[in-house]
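The values are calculated or read from the model by the stated rules, or taken from the named source; none is laboratory data. Just so you know, these numbers come straight off a predicted model, no measurement behind them. As a convention, Cβ positions derive from the backbone with ideal geometry for all residues, glycine included, and neighbour counts pool all protein chains shown. Side chains are part of the model used for accessible areas, which takes the heavy atoms of the whole protein and leaves out ligands, DNA and RNA. Shrake-Rupley method; radii C 1.70, N 1.55, O 1.52, S 1.80 Å.
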Amino acid sequence: MRLGRAILALSSATVLACSSADPPATGDPAAPPPDAVTCAEGWSADAGGQCAPDLPSGPCAPGTMPTVGKTACASVGTTACHPGFAPHASGWGCAAVAPSAACSGATREALGQTACAPVGDCAAPFPPAGATHFVDAAYGAGELDATHFRTISAALSAAPVGAVIAVHDGTYAESLTISRGVRVVGRCAAKVTLSGNGRSPGVAVLARGVGVSGLTLSGHATAVGVRAADAEIADVVIEGGLAPAIDVDGRGASATVRGSVVRGVAPRTNGISAGLFAGAGAKVTLTSSTISGAPYAGVLGVDAGTQVEVEGSVVRDGTPDDQQMGGAGVYLFDGAAATVTRSWLHHNRRAAVMAFAKSRATVKDSLLDDTQPPARAASTEAFGHGLAAFDTGALDVENTTVRGNVGIGLRLTQNATGNVRSSVVHAQQKEASGDLGTGAYVHVSSKLTVSGTAFVENHRTAIEAFDDGTEVDAKGCLFGFTRASLDGKQGLGFYLQHAVARVEGSAFTGNLHTGIYLWEARSFSMSRSVVQGTKPQESPAILGHGLLVQGVPSVSVAGSVFRDNAGVGLVFSDATASVSGSFVARNAVGIHAQDGSILQELPEVTGLPDAHAVAVDAKTRFDGNGAKVGSGVVPLASPLEAR
């Protein structure tokens, strides 16, 4: 090629024609010896004496990826599986160490144990040290006095601030109001039950310094309510009754729930339904606990100033409310905030974690899996999400595994933002129509920043972004091994339509259809990235390109590698682009341009060339392709349908 010479223009042919083949990938035998060549950092002289990027010589194992400039595969995805989790059998991310089926009775899922753990310790000494008042339904008349009672209510009436009320074995049909700072301690949840009539609350907390432990609360209309007060709820089972099971509401209200279970509460008609509700600026901590089968949301946080922490807990099997809506694991809206740490959110509906309307969810060291579609779904949203942010909601995710959710692993829409680091988005499932199973879906002016994260073995696309104002920034990520979606179609690594993306130090490996597909995107840049091993779409068996660009006015490719793709390494149609310092090897065709795009070779490329030019600098090397440059017309793909 020569300076400024157009090497390909649009042809009227309808089949792909090829120029002469590249030299074999082994190099030119007449080239100077390798030690006579000076290569840029991260590049080394090959057997033919030409510079080639340092890359792993073979496939990378799960949990690793190829990077330009390194012969060893680099780690990607979760950095560690914390206690309660273990590496997944696939090698991607973490799996929960937990019982194979949901626990029942006075037991709970304790992460790190494969058997159900008892709630509390029935063998512990009782009454506890420091007990001041005593309740036993079996007391005789002669045993009753100023500190011994047959009912908990009677003990509460007599107990001063700081009292400890010990409740012996038995069933107590009561509704309690605690208006002083006292502790109510049952022997254990398996032996002490506070039963309700379905209409009254179980425990109404109206004071500071209240503790409730060692009880089963059954059949109440809200088991524990906290208003302008604080409570510690420990080793408690809440079963049956109406949602919300735990209701902490109002600025200044707070509660800590530890070692407890909320299970099987029923939705409230025309009211708030959730396993745990926090609102109006309340603060709640859920630690080492389980919420199972809650209607609408396992944890529901609303209003600015409301803060929820979920730590070392299990939120699972969410169910719809009385309108057949919801079933989320953690659901936030109207400015609420939540932090989910070292927790397992399993088999919920609509979303494992959802932040809506200026709310923010922070998720660390956790597993979000097997989310199902909502029970009653609009035709355009008959799918679930691992993580979702809507309408200015925000997600911050670190060292977390998002696996096997039906529909989409991570979704941002309506001016939402997301920051994902060192995580794994793995093997999302297709929804009922056979579509989706997408790793990440970003649209309607939303922004995703992602680093050190693996999007692997999903369907349709590893990641797709739509609409003006939408932006994706990816650094050190793997988008790989995507599977076909509807009718054997798609399987892309990355799809961009009317949006902007910037990619650095990432890999697009083993995908179908196209490694990276840009359709009328606003702009796209990539540097020091690898696009390799793209295979044709399953049905029909077409494409297999590394980078396919259609109708994009600004594309920059620098220091990147396109190798071993079944189709063309880089295809440009009606596009303007620059390609510099890159390596294009062992593709069926190295590079191709059509529909007004014209390839040009320049000694050096600085910035974008003139409209519809595709400028390739002299440092870009083509090696071992079936043909260096294609000619004719390559059949192009159709844009993906937004969902």
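Odds and ends about this structure:
- Rough spin-label spacing in nm, given labels placed 7 Å along Cα→Cβ, for A611 and D473: 3.0
- Percent of alpha-carbon pairs separated by more than 40 Å within the chain: 39
- Label-to-label distance for D595 and S104 is 5.9 nm, based on points extended 7 Å past Cα in the beta-carbon direction.
- When only the Cβ of Lys, Arg, Asp and Glu is charged (+1, +1, -1, -1), the dipole of the chain relative to its Cα centre reaches about 620 debye.
- Local electrostatic count, A394, Cβ distance below 12 Å [Lys/Arg +1, Asp/Glu -1]: +1
- Net charge, R108 excluded, C-beta distance under 12 Å - Lys, Arg +1, Asp, Glu -1: 0
- Debye, to nearest 20: dipole size of segment 228-320, +1 on Lys, Arg Cβ, -1 on Asp, Glu Cβ: 160
- Over segment 337-471, volume per residue of the alpha carbon convex hull, in Å³: 85
- Sorted peptide list for 457-467, 589-599, criterion being average Cβ within 10 angstrom, highest first: 457-467, 589-599
- Cβ-Cβ distance of A618 and D487, R₀ of 51 Å, FRET efficiency by 1/(1 + (r/R0)^6): the value works out to about 0.70.
- Calculated [θ] (222 nm, deg cm²/dmol) that DSSP helices of n ≥ 4 give over the chain, each run adding -39,500 (n - 2.57): -500 deg cm²/dmol
- Extended-chain gain in nm, criterion 0.36 nm per residue less alpha-carbon gap, S638 and H168: 162.1 nm
- Distance between segment 505-523 and segment 386-423 - C-alpha centres, whole angstrom: 20
- Accessible surface ranking that places the most exposed of W344, W519 first, with a 1.4 angstrom probe: W519, W344
- What the Kirkwood sum gives for segment 542-643 is a hydrodynamic radius of 13.5 Å, with every pair of different alpha carbons counted.
- When peptides 579-587, 96-104 are sorted by average Cβ neighbour count within 10 Å, with the highest value leading, the order is 579-587, 96-104.
- Spin-label model, R251/S90: points 7 Å from Cα along the beta carbon direction are separated by 4.6 nm.
- When the Cα atoms of segment 401-464 are aligned to their principal axes, the ranges along those axes come out at 28, 25, 14 Å in descending order.
- Straight-distance crosslink candidates among lysines, where the alpha carbon sits under 16 Å from K358 and sequence neighbours closer than 8 are dropped: K447
- A Förster radius of 30 Å combined with the Cβ-Cβ distance from A228 to A146 puts the calculated FRET efficiency at roughly 0.50.
- Descending by average beta-carbon neighbour count within 10 Å, the peptides 362-375, 147-160, 246-259 line up as 362-375, 246-259, 147-160, the highest first.
- Pairwise FRET efficiency - Q324 versus R208, Cβ, R0 = 30 Å, nearest 0.05: 0.15
- Equivalent ellipsoid dimensions for segment 253-308 as semi-axes, Å, which come from the Cα gyration tensor, largest first: 18, 16, 7
- In segment 534-643, Cα pairs under 8 Å separated by at least six residues give a relative contact order of 24 percent.
- In this structure, the residue pairs whose Cα-Cα separation is over 31 Å, taken from K475/K535; K70/K628; K430/K535; K364/K535, are K364/K535.
- Between segment 47-116 and segment 200-251, the alpha-carbon centres lie 39 Å apart.
- Fraction of beta bridges assigned by DSSP in the chain that are antiparallel (%, nearest 5): 5
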